[in-house]
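Here's the structure we're looking at; comments come further down.
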Amino acid sequence: MKKAMKQSTLTLILNGISILALLYLMYSLISYSDVSKQLNVANEERFELTYQANRFMNGSAYLTNEVRAFAATGEQEHYDNYWNEVNVLKNRDQGVAALQEIGITDEEQGMIDDMYALSNQLVPLEDEAMKEVQAGEKEKAIEYVYGTEYNTSIAQINSLKDQFLTALDYRSLTQLEDLEKEENYIKIRMFFALSMVGIITLLNMIVIRLQIMRPVIAVKNQMGEISQGNLSAEFSLESNTSEIGMLVESIHDTKRELKKYIKDIDYILAQMAQGNMDLTVGDDYRGEFLPIQNAMRQILDALNSALSQINLTAELVSAESEHMASDAQTLSSGTVEQAAAVEELSASIQEISKQLDRTSKDADHARQSSEEASEQLSVCDQKMEALTAAMADIASSSHQIGGIIKTIEDIAFQTKILALNASVEAARAGEAGKSFSVVADEVQSLANKSSVSAQNITELIENSMKLVKYGEELSSDTTEALSGVISSAKKSAEMVERIAESAIEQSQSLKQLTQGMEQISEVVQTNASTAEKSAASAQELNNQAVELKLSVHKFQLRQG
């Protein structure tokens, strides 16, 4: 690493020079301020000295003017103004006092004393002139204030005034010029110091730009590349013993270390991606990268352990999935057969339900027919009872007819006897009895016919009586049988009604059973579908288990 001046040292030197220049500038500024104050004070003193000198001189001139005016006019006002100046305003005295307070030289004080002495010489003349005016002698008064002595003194005073003002102005002007020269000198020093500060600042900016900012910008750009993960970006700065150079060296070292770590991590991850888990992590990681080293070791240990466990689990899952697939296939087949049987049973039950519906309807019709037959048998029973009663009446009438036949037979017999007697009598009567004999013959014939008819009727009645008796017996038997039939018909009607009710209940139960079988059929169909899906899933699981085994076997794990 080549040697170079540290940026901090160079900056310190430049900043030190700049600070010294600034201090010198501050000193110059303070000096300039002090000189400016002195210059202002000198200007003020010059003005004040001039003002107070003029005040002193104006006071003297004012007295002269007022006394001359009083001498010339005699007006009291000028007299009063004169004494007001002498006794009240005292401009001469106050001007001198102010001059002395500001500061004057001995020479200037001597000039003031001389002017005082000359002014004091004028006072007696002025007093005499004012007395002469008061006495009415203006000409004499004018002679006093305009005479040779007075004018000579005034001329001497004015000469001293000019000398005093000239000396005072020269002294103050000289002082001002000296202060202005010093002020200009200080300005030059300030300009020099300011130029030094500007030059040092410019040099400092150039040094900072070239020695600090440009490398810092390069370092910033390089760090930006590093932050983006680009460790191969060009970094042309060389390291040296300066701070920036050491920073550059740190960046180079950081890039080397990062590349080393990334290369190591890339190699380990590439091997892991290829299934090689039998790896070891190096021990040359430093600082904040130690957790990454430990984490990679833990990841490898965890993956080896997990993949080993997955391998064992895959074996078990594969075996169990084969059994599951077989069982699921068997279950699917059984469920399909069960679904077919349930479907056939459901169809049979539906057919039985339809037949039972028809039977229920037939039983209901039979119950109605049985009830109608029972009602008809009841009517027949009533008719048979009426028939039995009629047969009894016929039998009774037959017996009565038998008695009538007897009577007819007796009538026929008596008619025969009567006819025989008539024949006998007709025979006895001879010709006279021939018509009677004819009647007798007819009566005999009628009797014979009546006898024959009576016999026939008797036979018929006997036959009818026999038939009536048979019919009565048959009617009685029929009535008894019909009573039994009616009783049986009622029992049959009751049984048919119970059969119809039972058939209806069975039909309803069978409908419920049909609905249940339909639901069972749907459930069985669903189970069959689910079983088929389970079988397919089990087969797929078995395939996936096999794939899992093959995938796990691709990993090269640590032994033991």
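Only one of Asp301, Asp284 is part of a helix (DSSP H, G or I) and either modelled with pLDDT of 75 or more or not small (Gly, Ala, Ser) (or both); which?
From the options Asp301, Asp284, the qualifying one is Asp301.
From the set of residues in segment 91-109 that are of a type in the set (Asp, Glu) and within 17 Å of Lys161 (Cβ to Cβ), which is least open to solvent (accessible area, probe 1.4 Å)?
Narrowing segment 91-109 to residues of a type in the set (Asp, Glu): 93, 101, 106-108.
Checking which are within 17 Å of Lys161 (Cβ to Cβ) leaves us with 93, 107-108.
On the way: Asp93: 75, Glu107: 123, Glu108: 4 Å².
Filtering segment 91-109 for residues that are of a type in the set (Asp, Glu) and within 17 Å of Lys161 (Cβ to Cβ), the one least open to solvent (accessible area, probe 1.4 Å) comes out as Glu108.
Test of understanding: among Val145, Val67, Val88, Val133, which residue is open to solvent by 70 Å² or more (accessible area, probe 1.4 Å), modelled with pLDDT of 90 or more and more than 30 Å from Glu182 (Cβ to Cβ)?
Result of the check over Val145, Val67, Val88, Val133: Val88.
Within segment 171-198, work out how many residues are hydrophobic (A, V, I, L, M, F, W, C), touching a Leu at 6+ places or on another chain (Cβ under 8 Å) and either open to solvent by less than 60 Å² (accessible area, probe 1.4 Å) or not in a helix (DSSP H, G or I) (or both).
5
What pairs come out if I take residues in segment 292-319 that are charged (D, E, K, R) and pair them with residues that are modelled with pLDDT under 80 whose C-beta lies under 7 Å away, six or more apart or interchain?
Close Cβ pairs satisfying both conditions: Arg297/Val281; Glu315/Lys549.
Filtering segment 156-170 down to residues that are open to solvent by 80 Å² or more (accessible area, probe 1.4 Å) and either touching a residue at least 24 places away in the same chain (Cβ under 8 Å) or of a type in the set (Lys, Arg) (or both), which residue is farthest from Gln121 (Cα to Cα)?
Kept after step one, since they are open to solvent by 80 Å² or more (accessible area, probe 1.4 Å), are these residues of segment 156-170: 156, 162-163, 166, 170.
If we keep only those that are either touching a residue at least 24 places away in the same chain (Cβ under 8 Å) or of a type in the set (Lys, Arg) (or both) as well, we get 156, 163.
Values: Gln156: 12, Gln163: 20 Å.
Only one residue tops the list, namely Gln163.
Output the residues belonging to segment 121-130 that are under 17 Å from Glu85 (Cβ atoms) and either among the small types (Gly, Ala, Ser) or open to solvent by 90 Å² or more (accessible area, probe 1.4 Å) (or both).
Within segment 121-130, Ala129 is the sole residue that qualifies.
Condition (residue is in a helix (DSSP H, G or I) and under 16 Å from Glu66 (Cα atoms)) applied to segment 151-160: is it met by at least one residue?
Looking through segment 151-160, at least one residue is in a helix (DSSP H, G or I) and under 16 Å from Glu66 (Cα atoms).
Regarding segment 1-12, can at least one residue be identified that is in a helix (DSSP H, G or I), at pLDDT 80 or above, over 60 Å from the mean Cα position of the chain (by Cα) and hydrophobic (A, V, I, L, M, F, W, C)?
no
Given Tyr62, Tyr27, which one is crowded, with 16+ Cβ neighbours inside 10 Å and either assigned to a helix (DSSP H, G or I) or free of Cβ contacts under 8 Å to residues at least 12 places away in the same chain (or both)?
On the way: Tyr27 fails: crowded, with 16+ Cβ neighbours inside 10 Å.
Testing whether each residue is crowded, with 16+ Cβ neighbours inside 10 Å and either assigned to a helix (DSSP H, G or I) or free of Cβ contacts under 8 Å to residues at least 12 places away in the same chain (or both) leaves just Tyr62.
Please enumerate the residues belonging to segment 199-209 that are at pLDDT below 80 and open to solvent by 80 Å² or more (accessible area, probe 1.4 Å).
Arg209
Among the numbered criteria (1) open to solvent by less than 50 Å² (accessible area, probe 1.4 Å); (2) under 45 Å from the mean Cα position of the chain (by Cα); (3) not hydrophobic (A, V, I, L, M, F, W, C), which one does Gly287 miss?
Every condition holds for Gly287 apart from (1).
The values are calculated or read from the model by the stated rules, or taken from the named source; none is laboratory data. Quick caveat, the model's predicted, so the values are computed rather than measured. No Cβ is skipped: glycine too gets one built from the backbone with ideal geometry, and neighbour counts run over all protein chains shown. Side chains included, ligands, DNA and RNA excluded: accessible areas come from the protein's heavy atoms. Shrake-Rupley method; radii C 1.70, N 1.55, O 1.52, S 1.80 Å.
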